[in-house]
Amino acid sequence: MQDHIMDRRNAQPLISVVAPFYNEELVIDQFFRQVIAVLEATGSEWEIVCVDDGSRDRTLDQLLAAARANPAIKVLQLSRNFGKEAALTAGLEASGGDVVVLIDADLQDPPTLISQMLEKWREGFDVVYGVRQSRDQDSLAKRVTARGFYRVFNQLTPTPLPANAGDFRLMDRRVVDRVRQLPERTRFMKGLFAWVGFRSTAVAYDRPGRQAGQSGWSYWKLWNFALDGLTSFSTMPLRVWTYVGLTVSLLAFLYASFLVLRTLVAGVDLPGYASLMVVMLFLGGIQLISLGVIGEYLGRVFIEVKQRPVYLVDRVYQFPAGQSESRDGPA
């Protein structure tokens with residue numbers, strides 16, 4: 001390990017920056033201006049892998065303009081909108097750097113942190129992830145739900161997630177290669193990054209607001225994203241309903257025994273219509289909820305067994321210096 005660290009201390013690795021784009025035309029110029037300035041200051045060779053995730057505005061046109069002006073910029077055009085997790089996967093598979101930095105295009109992940117992450121990598125860390133110091137800019141509902149998600153996830157899964165850490169991170173090539181070996185279609189990237197392990201450390205930062213545009217994450221999308229995360233890394237929700245069923249059955253048996261004894265001793269046969277309806281509705285609700293939980297897992301099994309690709313690339317654009325050309329990307 002010491003030899004590996006010593007090799008890194010004076011290394012100038014090839015840096016790949018991977019950024020997914022979806023309707024980000026208002027911020028693209030600022031993104032390249034800030035990211036390129038930081039990368040040039042590192043003194044290392046670099047590339048920027050931009051993944052256009054089916055944008056409907058002029059995002060692709062602006063990405064291509066930037067790629068024509070700088071041969072270190074590569075643009076992947078997906079055939080449609082597959083979602084951020086698929087776009088990150090496409091970017092990772094297209095990257096060729098010794099270290100890979102994942103960053104959002106909206107500049108809420110400050111590019112200036114890349115240099116600090118690179119220093120941590122030189123110290124011997126394979127993964128350096130950004131952690132938000134505060135969520136003061138978020139609404140109360142978002143702060144509460146985010147805190148609750150991390151707490152529930154870490155209680156239910158054997159793969160703990162660092163709280164307030166997103167996709168913004170630097171990874172060594174060894175880590176990227178291991179993540180690329182994971183074949184699942186329902187991808188919760190933060191969980192996958194945590195699952196592969198390796199020596200990791202955090203870098204704290206204050207997250208600024210969006211430079212332009214609006215977030216595409218609604219509360220409904222965040223809720224479904226949280227469900228994907230929990231069901232991808234834990235079978236505890238299925239196990240819970242086993243215990244719920246056992247508990248309800250035990251209570252029902254005890255209550256039935258009580259009624260039998262009461263009838264034998266007191267000779268009273270209670271009409272019990274109201275209580276019977278309450279019990280039937282309660283048990284019916286329990287059964288429907290348990291079927292819903294099973295359905296969530298069954299739906300994900302259905303998606304996995306079809307073995308469809310996580311994403312499809314329409315075209316890959318990269319313009320060598322002084323040329324203007326593109327080539328078809330792999331499906």
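The values are calculated or read from the model by the stated rules, or taken from the named source; none is laboratory data. Since we're looking at a predicted model, the values are computed, not measured. Surface areas here come from the heavy atoms of the whole protein model, side chains and all, with no ligands, DNA or RNA. Shrake-Rupley method; radii C 1.70, N 1.55, O 1.52, S 1.80 Å.
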Subject >> Residues of segment 1-105: accessible area per residue with a 1.4 Å probe, Å² >> reply: 41
**OP:** Work out, step by step, the length gained on full extension between ARG262 and TYR297: first 0.36 nm times the residue separation, then minus their alpha carbon distance; give nm to one decimal.
**Re:** 8.3 nm
